[in-house]
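Encoded as structure tokens, the structure appears first; notes follow it.
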Amino acid sequence: MKNGGKIIIVILILIVVGLIGFILWDKFVNNKKDNKSNPIPTVSEIELNTKQYIKQLEEVKIKGTNDSVKITKQVKWQVPEHEEGVTVSFAIAVPYVIKVDGQEYEGIYQLGSSSSKSVDNNQKYNFEITNLTKDGDIEILITNK
């Protein structure tokens with residue numbers, strides 16, 4: 001029984017060490033996941049002439065006005081699949097609505113094209129996307145025309 005008792009104690013110690021290791025590993029992995037799920041901070045009201053991150057699919061007021069902007073489709077930065085060593089040129093169409101003086105103007109910003117620009121008919125603001133991440137974080141810039 002002496003050897004059997006020692007073996008049981010060794011097995012119990014290994015089980016406890018394994019459980020502690022698993023718990024620590026799980027916390028480490030979940031902490032990394034939590035950090036990825038915390039996107040870049042966004043604003044609910046954007047200032048003119050200032051690059052700021054906004055949430056897609058949500059209307060964002062333009063500070064000091066009754067005007068607003070909204071990205072109308074969830075987009076992410078994704079490079080199309082291609083063979084290694086091949087140069088790829090592509091653009092991402094980002095649809096948006098900008099509300100100016102109660103009138104809505106639908107637009108599309110062609111991000112990544114040789115002449116990235118917005119296309120809408122509003123007479124008051126320029127709309128520009130200055131950053132789009134693979135996680136869908138989007139930074140915009142609104143300026144007066």
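Yes or no: residue 62 at pLDDT 95 or above and under 15 Å from the mean Cα position of the chain (by Cα)?
Judged against the criteria, residue 62 is not a match.
Select from the range 54-74 the residues that are open to solvent by 10 Å² or more (accessible area, probe 1.4 Å) and touching a Pro at 6+ places or on another chain (Cβ under 9 Å) and list them in ascending order.
Across the range 54-74, the qualifying residues are 55, 72, 73.
Got a number for residues in the range 103-130 being in a loop (DSSP other than H, G, I, E, B), at pLDDT below 95 and not polar (S, T, N, Q)?
Here the count works out to 3.
Taking the condition of being in a strand (DSSP E or B) and over 21 Å from residue 119 (Cβ atoms), how many residues in the range 48-90 meet it?
Summing the residues that are in a strand (DSSP E or B) and over 21 Å from residue 119 (Cβ atoms) in the range 48-90 gives 3.
Could you figure out which of (1) hydrophobic (A, V, I, L, M, F, W, C); (2) in a loop (DSSP other than H, G, I, E, B); (3) modelled with pLDDT under 95 isn't true of residue 93?
(2)
Working only within the range 1-46, note down all residues that are assigned to a loop (DSSP other than H, G, I, E, B) and either open to solvent by 80 Å² or more (accessible area, probe 1.4 Å) or modelled with pLDDT under 75 (or both).
Once the filter is applied, which keeps residues that are assigned to a loop (DSSP other than H, G, I, E, B) and either open to solvent by 80 Å² or more (accessible area, probe 1.4 Å) or modelled with pLDDT under 75 (or both), the range 1-46 yields 1, 38, 39, 41, 44.
I'd like the full set of residues that are charged (D, E, K, R) and either in contact with a strand residue (DSSP E or B) (Cβ under 6 Å, 6 or more places away or on another chain) or touching a residue at least 12 places away in the same chain (Cβ under 8 Å) (or both), limited to the range 96-145.
Across the range 96-145, the qualifying residues are 99, 101, 104, 106, 120, 124, 128, 134, 135, 137, 139, 145.
Give 105, 125, 109, 96 a once-over and let me know the one that is open to solvent by 30 Å² or more (accessible area, probe 1.4 Å), under 21 Å from residue 55 (Cα atoms) and of a type outside the set (A, V, I, L, M).
105
Take the residues in the range 131-145 that are open to solvent by 40 Å² or more (accessible area, probe 1.4 Å) and of a type outside the set (Asp, Glu); name whichever of them is modelled with the highest pLDDT.
If we take residues in the range 131-145 being open to solvent by 40 Å² or more (accessible area, probe 1.4 Å) and of a type outside the set (Asp, Glu), then 144 is modelled with the highest pLDDT.
The values are calculated or read from the model by the stated rules, or taken from the named source; none is laboratory data. Keep in mind it's a predicted model, so treat the numbers as computed, not measured. Virtual Cβ from ideal backbone geometry, glycine too; neighbours counted across all protein chains shown. Heavy atoms of the whole protein, side chains included, go into the accessibility calculation; ligands, DNA and RNA do not. Shrake-Rupley method; radii C 1.70, N 1.55, O 1.52, S 1.80 Å.
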